[in-house]
Amino acid sequence: MEFEILISGLKFPEGPSFDRQGNLWFVEIHGGNLGMYDGGRVHRFDVNGVPNGSVYGSDGLVWFCDSGNGQIRTFNPATSKFATVCQTANGSPLIRPNDLIFDSRGNLLFTDHADGRTEPVSTVCMLPKGKSDAVILSSGKYFTNGLALNNNGKRLYFAETYNQKIWVADYDQNKNLLKNEKVFAGTNHGAFGPDGIAFDKFGNLFVAIFDEQVIKIYNPRGEMADSIKTPGKCPTSCAFDPFGKYGLVVTEAEKGEIINYPQYKNAGLPVY
């Protein structure tokens, strides 16, 4: 499938998202940077930590997980100032927060993989808007990773990397609960598994499979409907450009690139 290379020479890129001006934000895990691509050049901001997932908020801030410091932090592009928003869940310290999204009410959903590669210690959390202590919604997982909400925001999907599964659950924003949690799809049987995920407007879930050189596409029934071979072995995240310029954007760690697939212009589900 035809693709373009937007950015190269990156140090383990992750967490793509777009601001209101159409700029692409991302992180470099091994570079310790929050990055912004304005279509011409890359601007880097040293976070003094280990940034992981990132998402642009309706408040005009870039929110990101700092897995090195065990924090949820923000960056203000207007002032170049960082702030720490959350360091605990249910009163206990965060360990390795990983990926994050917003719901329609401005609550922040995020995963804390807690180095859960061999022990089921990973969680899914929700930080209520305006609060500093998160609520644990799901626990007992192996390396929780990417998250996505469906089109009405009532079902949450999340990746369990080291168990090679995508989970789905009913999301109750009012009671801070996940209910009826179940496996949506099994992705593979390799050493790793699903990383970042994103929905298109047809209800298909795009899943970056780390170390397998592929984006797998699952229909609403959890069946693999298609796949996209990536140029590098280690796709980490995927996102749709809401402005219709780039289509599907994929961060890839082996080659240190961010690539895009123009065929998917205007295909993404609107992001909260």
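Please go through region 35-49 and give me each residue that is closer than 18 Å to S80 by Cα and not in a strand (DSSP E or B), ordered by number. Working first, answer last.
Narrowing region 35-49 to residues closer than 18 Å to S80 by Cα: 35-38, 41-49.
Across region 35-49, the qualifying residues are D38, R41, V47, N48, G49.
Does any residue of region 221-234 turn out to be under 18 Å from the mean Cα position of the chain (by Cα), at pLDDT 95 or above and among the basic types (K, R)?
No.
Are any residues in region 1-20 farther than 14 Å from Y246 by Cβ and assigned to a loop (DSSP other than H, G, I, E, B), and if so, which ones? If you could, list the steps in order and put the result at the bottom.
Our first condition is that a residue be farther than 14 Å from Y246 by Cβ; within region 1-20, this holds for 1, 8-15, 20.
Across region 1-20, the qualifying residues are M1, S8, G9, L10, K11, F12, R20.
Kindly indicate which of A169, A198 is closer than 19 Å to L100 by Cα, touching a Leu at 6+ places or on another chain (Cβ under 8 Å) and either touching a residue at least 40 places away in the same chain (Cβ under 8 Å) or not in a strand (DSSP E or B) (or both). Let's see the steps before the verdict.
Details: A169 fails: either touching a residue at least 40 places away in the same chain (Cβ under 8 Å) or not in a strand (DSSP E or B) (or both).
Among A169, A198, only A198 is closer than 19 Å to L100 by Cα, touching a Leu at 6+ places or on another chain (Cβ under 8 Å) and either touching a residue at least 40 places away in the same chain (Cβ under 8 Å) or not in a strand (DSSP E or B) (or both).
Mind listing whichever residues of region 21-34 are part of a strand (DSSP E or B) and over 16 Å from C238 (Cα atoms)? Steps first, please.
To start, the set of residues in region 21-34 that are part of a strand (DSSP E or B) comprises 24-28, 33-34.
If the condition is that a residue be part of a strand (DSSP E or B) and over 16 Å from C238 (Cα atoms), then N33, L34 are the ones that fit.
Filter region 243-272 down to residues that are at pLDDT below 95 and touching a Pro at 6+ places or on another chain (Cβ under 7 Å) and give me whichever is surrounded by the most Cβ atoms within 10 Å (Cβ to Cβ).
Selected residue: G268.
For residues that are within 12 Å of the chain's Cα centre (by Cα) and of a type in the set (D, E, K, R), tally how many sit in region 188-213.
The number of residues fulfilling the criteria is 1.
Condition first: aromatic (F, W, Y), on the phi > 0 side of the Ramachandran plot and either assigned to a loop (DSSP other than H, G, I, E, B) or modelled with pLDDT of 95 or more (or both). Can you find one or more residues in region 137-145 that meet it? Talk me through it step by step, then tell me what you get.
Just the residues of region 137-145 that are aromatic (F, W, Y), to begin with: 142-143.
Filter once more, so that each one left must be on the phi > 0 side of the Ramachandran plot: 143.
Adding the requirement that they be either assigned to a loop (DSSP other than H, G, I, E, B) or modelled with pLDDT of 95 or more (or both) leaves 143.
Scanning region 137-145, I find at least one residue that is aromatic (F, W, Y), on the phi > 0 side of the Ramachandran plot and either assigned to a loop (DSSP other than H, G, I, E, B) or modelled with pLDDT of 95 or more (or both), so the answer is yes.
Just one of the numbered conditions (1) polar (S, T, N, Q); (2) part of a loop (DSSP other than H, G, I, E, B); (3) crowded, with 17+ Cβ neighbours inside 10 Å is not true of N52; which one?
N52 satisfies every listed condition except (2).
Could you list, in sequence order, all residues of region 208-231 that are in contact with a Gly (Cβ under 8 Å, 6 or more places away or on another chain) and within 21 Å of F192 (Cα to Cα)?
First, pick out the residues of region 208-231 that are in contact with a Gly (Cβ under 8 Å, 6 or more places away or on another chain): 208-213, 219-220.
Of everything in region 208-231, those that are in contact with a Gly (Cβ under 8 Å, 6 or more places away or on another chain) and within 21 Å of F192 (Cα to Cα) turn out to be A208, I209, F210, D211, E212, Q213.
Could you check how many residues of region 139-172 are over 14 Å from the mean Cα position of the chain (by Cα) and within 23 Å of G203 (Cα to Cα)? Explain how you work it out, then say what you get.
As a first pass, look at region 139-172 and keep what is over 14 Å from the mean Cα position of the chain (by Cα): 139-142, 150-155, 162-165, 167-172.
Pick out the ones that are also within 23 Å of G203 (Cα to Cα) and you get 150-155, 164-165, 167-172.
Count: 14.
For region 54-67, state whether one or more residues are over 27 Å from V135 (Cα atoms) and of a type in the set (G, A, S).
At the first step, the residues of region 54-67 found to be over 27 Å from V135 (Cα atoms) are none.
No - not one qualifying residue is present in region 54-67.
For region 215-251, enumerate the residues that are without any contact (Cβ under 8 Å) to a residue 40 or more places away in the chain and not in a loop (DSSP other than H, G, I, E, B).
Once the filter is applied, which keeps residues that are without any contact (Cβ under 8 Å) to a residue 40 or more places away in the chain and not in a loop (DSSP other than H, G, I, E, B), region 215-251 yields I215, K216, I217, M224, A225, D226, S227.
Looking only at region 136-185, which residues are small (G, A, S) and surrounded by fewer than 23 Cβ atoms within 10 Å (Cβ to Cβ)?
Here is the first cut: in region 136-185, the ones small (G, A, S) are 138-140, 146, 148, 153, 159, 169, 185.
Answer for region 136-185, where residues must be small (G, A, S) and surrounded by fewer than 23 Cβ atoms within 10 Å (Cβ to Cβ): S138, S139, G140, G153, A169, A185.
Of everything in region 201-214, what is in a loop (DSSP other than H, G, I, E, B), of a type in the set (A, V, I, L, M, F, W, C) and within 15 Å of F12 (Cα to Cα)? Give them in sequence order.
Going through region 201-214, the residues in a loop (DSSP other than H, G, I, E, B) turn out to be 201-204, 210-213.
Narrowing further to those that are of a type in the set (A, V, I, L, M, F, W, C): 202, 210.
Scanning region 201-214 gives a single hit, F210.
Can you find a residue that is under 17 Å from N145 (Cβ atoms) and of a type outside the set (D, E, K, R) anywhere in region 32-42?
Keep residues of region 32-42 that are under 17 Å from N145 (Cβ atoms), which gives none.
Scanning region 32-42 turns up no residue that is under 17 Å from N145 (Cβ atoms) and of a type outside the set (D, E, K, R).
Residue check, E254 against (1) more than 18 Å from Q213 (Cβ to Cβ); (2) in a loop (DSSP other than H, G, I, E, B), all met but one. Which one?
Checking E254 against (1) more than 18 Å from Q213 (Cβ to Cβ); (2) in a loop (DSSP other than H, G, I, E, B), the one that fails is (1).
F102 versus (1) under 16 Å from the mean Cα position of the chain (by Cα); (2) more than 23 Å from L178 (Cβ to Cβ): which is the lone unmet condition?
Going through the list (1) under 16 Å from the mean Cα position of the chain (by Cα); (2) more than 23 Å from L178 (Cβ to Cβ), F102 breaks only (2).
Return the residues of region 95-115 that are in a loop (DSSP other than H, G, I, E, B) and surrounded by fewer than 24 Cβ atoms within 10 Å (Cβ to Cβ); say none if nothing qualifies. Steps first, answer last, please.
Kept after step one, since they are in a loop (DSSP other than H, G, I, E, B), are these residues of region 95-115: 95-96, 103-107, 113-115.
Scanning region 95-115 gives I95, R96, D103, S104, R105, G106, N107, A114, D115.
The values are calculated or read from the model by the stated rules, or taken from the named source; none is laboratory data. Note that the structure is predicted; figures quoted are calculated from it, not measured. A quick note on method: Cβ atoms are made from the backbone with ideal geometry, for glycine too, and the neighbour counts reach across all protein chains shown.
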